[in-house]
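Everything on this sheet refers to the single structure shown next.
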Amino acid sequence: MKPISKTPIVILNFKTYLESTGKNALKLAKACEKVAKETEVNIAVAPQHMDIYQLSQKIDIPILSQHIDPITAGGHTGSVLLECAHEAGASGTLINHSEKRMNLANIDQIVKRSAEKEMISVVCTNNIETSSAVASLGPDFVAVEPPELIGSGIPVSQAEPEVVEGTVAMVQKINPSVKVLCGAGISTGDDMKAALDLGSEGVLLASGIILAKDPEKALLDLVSKI
Ligand code: G3P
């Protein structure tokens, strides 16, 4: 199980695209691993829960669990237990995505339980205000993503740079040990560079790489200007 040790970081959220499901998840994760090794950029993947184990057996880059349910072991049929994700090989959690919102108390619970398991916590937020609230909970990363730009191909670093800069400033004030990532519409090296220039420590992205004709080539371009 690989820890997320250094920034800048790229986190590729596999979501539920068929291009990043099952066999395709493994192929894509291998491309991420290859680019991470060649370029020495830290790249982590967030596959669907049922793909975590197979990936953890075959790749050597950090794996995050897409969502964790705020439950503890016992009778919760159909829920995602943090301990199960951990045993399957996840070294971190990616929670509160705009496509899978949680309430603040439940985010707090998962951040604390991730830390107990020495898992990295990445909490998604949608604006400066929620980023501030989440920063006070002390996750490892806050990943700010304006929902309207998700999947749009319009990079947050260009369309709403003030949200990234504002989040970096507020999080720094509230809890300087929390690192800020940004995402939504990111796909190119220029987008990534702009994100870092705005003060973030990396990006969280999906469609720009997953749906690219050649995801490995797209990843190489993404990290080319770091
Ligand atoms: O979690 C990443 C995400 O929501 C951004 O999606 O497709 O705009 O890169 P996308």
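Values quoted throughout were computed directly from the atomic coordinates according to the rules given, and no laboratory measurement underlies them. The structure presented is a predicted model; accordingly, all values stated were derived computationally and were not measured. FYI the Cβ positions are ideal-geometry reconstructions off the backbone, even for glycines, and counts take in every protein chain you see.
Normalised by the number of residues in the chain, the mean separation of alpha-carbon contacts (under 8 Å, six or more apart) gives a relative contact order of 19 percent. Taking amide H atoms as placed 1.01 Å from N in the peptide plane, the amide H of residue 125 lies under 5 Å from those of 143, 144, 145, each 5 or more residues away in sequence or on another chain. Ordering 207, 98 by the number of other Cβ atoms within 10 Å of each residue's own Cβ, fewest first, gives 98, 207. Placing one equal scatterer on every Cα of the chain and applying the Debye formula, the log10 ratio I(q)/I(0) at q = 0.10 Å⁻¹ is -0.38. As a calculated quantity, the FRET efficiency between residue 188 and residue 133 at R0 = 30 Å, using C-beta atoms, amounts to about 0.45. Couplings 3J(HN,Hα) for segment 187-199, derived from phi with the Karplus relation 6.51 cos²θ - 1.76 cosθ + 1.60 (θ = phi - 60°), are 8, 10, x, 5, 5, 5, 4, 4, 4, 6, 4, 7, x Hz, where x marks Gly and Pro. Counting beta carbons within 10 Å around each of 171, 111, 142 and listing the fewest first gives the order 111, 171, 142. When DSSP beta bridges are restricted to pairs lying wholly in segment 120-216, around 0% turn out antiparallel.
Dipole of the chain computed with +1 at Lys/Arg Cβ and -1 at Asp/Glu Cβ about the Cα centre; of 92, 59, 194, farthest Cα towards the positive end is 59. The relative contact order of segment 1-118 comes to 25 percent, based on Cα pairs under 8 Å that sit 6 or more residues apart. Overall, segment 9-222 carries a charge dipole of about 480 debye about its Cα centre when +1 sits on the Cβ of Lys and Arg and -1 on the Cβ of Asp and Glu, all other atoms neutral.
Potential lengthening of the chain between residue 76 and residue 18 amounts to 18.1 nm, from the contour at 0.36 nm per residue minus the alpha-carbon distance.
Projecting the Cα positions of 218, 103, 28 onto the charge dipole of segment 9-222 (unit charges on Cβ atoms of Lys, Arg, Asp and Glu, taken about the Cα centre) puts 28 furthest along the positive direction.
Fewest-first ordering of 27, 179 by other beta carbons within 10 Å of each residue's beta carbon gives 27, 179. A simple charge model with +1 on the Cβ of Lys and Arg, -1 on the Cβ of Asp and Glu and nothing else charged puts the dipole of segment 166-220 at about 140 debye relative to its Cα centre.
Please identify which residues in segment 173-203 have an amide N closer than 16 Å to a label point set 7 Å out from the Cα of residue 148, following the Cα→Cβ vector. 184-185, by backbone N distance to the label point. Extension gain for residue 60-residue 100 works out to 11.7 nm (0.36 nm per residue, less the C-alpha to C-alpha distance).
Taking amide H positions as modeled 1.01 Å from N, with prolines and chain starts lacking one, the residues under 5 Å from residue 140 and 5 or more places away or on another chain are 121. For residue 38 and residue 118, a Förster radius of 35 Å and the Cβ-Cβ distance give a FRET efficiency of 0.80, rounded to the nearest 0.05. Over what distance in Å are the Cα centres of segment 140-187 and segment 39-58 separated? Between the Cα centres of segment 140-187 and segment 39-58 lies a distance of 23 Å.
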